[in-house]
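Heads up, the thing below is written out as C-alpha cells.
The values are calculated or read from the model by the stated rules, or taken from the named source; none is laboratory data. Computed from a predicted structure; not experimentally measured. Heads up, the Cβs are rebuilt from the backbone with ideal geometry, glycines too, and the neighbour counts pull from every protein chain shown. Heads up: the accessible areas ignore ligands, DNA and RNA and are worked out on the full protein's heavy atoms, side chains in. Shrake-Rupley method; radii C 1.70, N 1.55, O 1.52, S 1.80 Å.
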Amino acid sequence: MEQIYLDHNATTPVDSRVLEAMRPYFSDQFGNSASLHGPGQRARVAVDDARRLLGNLLNCQSSELIFTSGGTEADNLALMGVARAFNFKGHLVVSGIEHRATLETVGLLEEMGLRSTIVPPREDGVVDVDEIVRAFEDDTILVSLMLANNETGTLQPVAEVGGEAQKRGIIVHCDAVQALGKIPFELRELNADLVVFSAHKMHGPKGVGLLYSRFGTRMAGLISGGRQEYGKRGGTTNVPGVVGLAEAVRLVFEQHNGFPDKLRSWTDRFVTGLSEALPGVALNGHPTHRLPGTVNVAFEGVQSSLLVQMLDMSGVYASPGSACQSGAAEPSHVLLAMGLGEERARSSVRFSFGRLNREEQVDPAIAAVADCVQRFRQTVGSGGREINGRLDRTASYAG
Ligand code: PLP
C-alpha cells in the first residue's frame, strides 16, 4: 500500500543535508558553546555562523535573532516578554485564529492582570485590518496576527496591520511558523517587531525555533538562568539544533523555484476531484489567498477524527480540524471563530501537501478519501457503530 503523507503542517522529515550539517555537533564537536576551551569555542563558532547565516538570509541583524526550543516557546517569549517589560499592565489585541501557543499565553496574561480583545476573522478566514484597528485602545501594547493559519492555510494582512500598529507605537507579534518555506516574503516588509519561526515545519529538526526581535523592541526575557541569547533565553544552547535550523532555512531560500505553483495545482485538483466524487464537500477558508499546499475540507455528515483514522488505514495521513484530548474531540477554535458552526468544524479535515508528495499521488489520494467518506456515511453516518468501535485512538494537538 502506498503511503501518502498529507500532513506537512504538522511536521516534516529532516532533510538529509540538514542531518549531515547537524551530525558532528552530536559527537565529535560536542562542546558547550558557553565554554572557554577549544571544544566550547568550536561549538560557539558553529552557533555564531548559524546566527550570521540566518541574519543574512532573513535580511536582519544576527543580534536580532533569539534561538528557542521551538515555535511554542518563541510565541510564549514574545508575549510574556513584552508583558513583563510593561509590568503586566495594558491591553493586547489578538486574532481569534492564532495558534494555541499564542491564545493560551494571552489567557495566562489575563490571569496576571492584562486585558485583551480577541478579533474574529471573516467567514473566509481572513482577519479584517479595520476590525483590528477598531480594537486598539489607548493602552494597547501589542497586537498578534499570524502570517498563515496552520489549519486553513489562509494568509493574513500582517503588513497592513503592522503598519497601522507601528504608527501608534504598538508592538507587532507575527507567528510565521507555517509561512517560511511555503510562501516567499520579506521579513522587514511585514512591519512586525517580533516574528516566530520553527525548524521542524521546513525539514529541520524538532525542538528548535527562532524569535526575530527587532532592535529596540521592549521585551524582557522569560527563562532565567544562564545569560544565553542576550540574556533573553537562558539555557545551554542546542548546538546541533541551531545548526540544523540554519541549514533548513538556507535550503528554503535555495529551493523556491516553482514548487509552490505545483503545490497549488495539486491542491486545486484535489479539492475539485473530491467535489466531483462526493456530494457535501466544502472548502474552509479563502479559496485562493492561502498557502499553496494547504486545504481544509468539510465532509458533510462525517466525524473528522474518525475519518482521519480510516484514512490512516488506507495509507493517507491527514489531520482532523479538531484536537481530541481524552477521547473527546473538540472542534477547531479556528473554524469556530470563522463562524462555520460546530457540526462543520467537527467534519473538517486538513490536508497539507509538501515535499514528500508527487503529482502521481493526487488522484490516489482523492480516491482514498472519497472511498473512506462513502464508507463512513454508509456505516457510522447511518447509525452503525462498526467503524466507531474499532477506531478510538486519541491524540493531542498536532500543529
Ligand atoms: N505556531 C504555529 C502557527 C504552528 O503551526 C505551530 C506548530 O505546531 C507552532 C506555532 C508551534 O511550533 P512548535 O511545534 O515548534 O512548538
TODO: Treating the angle as unsigned and between 0 and 90°, give the value, to the nearest 10°, between the Cα long axis of helix 71-85 and the longest Cα principal axis of the chain.
DONE: 50
TODO: Assign unit charges at the C-beta atoms only (+1 for Lys and Arg, -1 for Asp and Glu), then state the dipole size of the chain relative to its Cα centre in Debye, rounded to the nearest 20.
DONE: 940
- [ ] At 1.4 Å probe size, with every protein chain present, just tell me what the per residue accessible area of the range 16-254 comes to in Å².
- [x] 40
Open item on the list: Once neighbouring chains are kept in place and the probe is 1.4 Å, which whole percent of the accessible area of the range 19-66 is contributed by carbon and sulfur?
Closed with: 51
Task: Sequence of Asp261, Asp7 from largest to smallest accessible area, 1.4 Å probe - done: Asp261, Asp7
- [ ] Towards the positive end of the charge dipole of the chain, with charges on Cβ (+1 Lys, Arg; -1 Asp, Glu), say which of Gly221, Ser347, Val127 has the farthest Cα.
- [x] Gly221
Open item on the list: Name the residue from Gly315, Leu6, Ala85 whose Cα lies farthest towards the positive end of the charge dipole of the chain, charges +1 on Cβ of Lys and Arg and -1 on Cβ of Asp and Glu.
Closed with: Ala85
TODO: Search the structure for amide H atoms under 5 Å from the amide H of Asp128, placed 1.01 Å from N in the peptide plane, and list their residues when 5 or more places away or on another chain.
DONE: Arg122
TODO: On the protein heavy atoms, probe 1.4 angstrom, tell me the percent of accessible surface of the range 97-153 carried by carbon and sulfur.
DONE: 47
Open item on the list: Computing the accessible area with a 1.4 Å probe over protein heavy atoms, can you report the carbon and sulfur percentage for the range 234-356?
Closed with: 52
Open item on the list: I'd like the trypsin sites (Lys or Arg not before Pro) in the range 245-288 restricted to DSSP loop residues with at most 11 other Cβ atoms within 10 Å, sorted by number.
Closed with: none
TODO: Quick one: give the max-minus-min coordinate of the C-alpha atoms of the chain along each principal axis, largest first, in Å.
DONE: 66, 54, 40
Open item on the list: Check which residues have an amide H placed less than 5 Å from Val119's amide H, if you skip close sequence neighbours.
Closed with: Val94, Ser95, Gly96
TODO: Please count, across the chain, the pairs of lysine residues with Cα atoms under 26 Å apart that sit 8 or more places apart or on different chains.
DONE: 8
Open item on the list: I want to check the label-to-label distance for Asp124 and Asp139. Put each point 7 Å from Cα in the C-beta direction and report it in nm to one decimal.
Closed with: 3.7
- [ ] Can you tell me how much longer the chain between Gln61 and Gln29 gets when fully stretched, taken as 0.36 nm per residue apart minus their C-alpha distance, in nm with one decimal?
- [x] 8.9 nm
Open item on the list: Testing the spin-label approximation: label points 7 Å from Cα along Cα→Cβ at Lys167 and Met1. State their distance in nm.
Closed with: 5.6
TODO: Please report the relative contact order for the range 24-165, taking Cα pairs under 8 Å with a sequence separation of at least 6, and give it as a percent rounded to a whole number.
DONE: 17
Task: Net lengthening on full extension, Thr236/Glu359 (0.36 nm per residue, minus Cα-Cα) - done: 40.0 nm
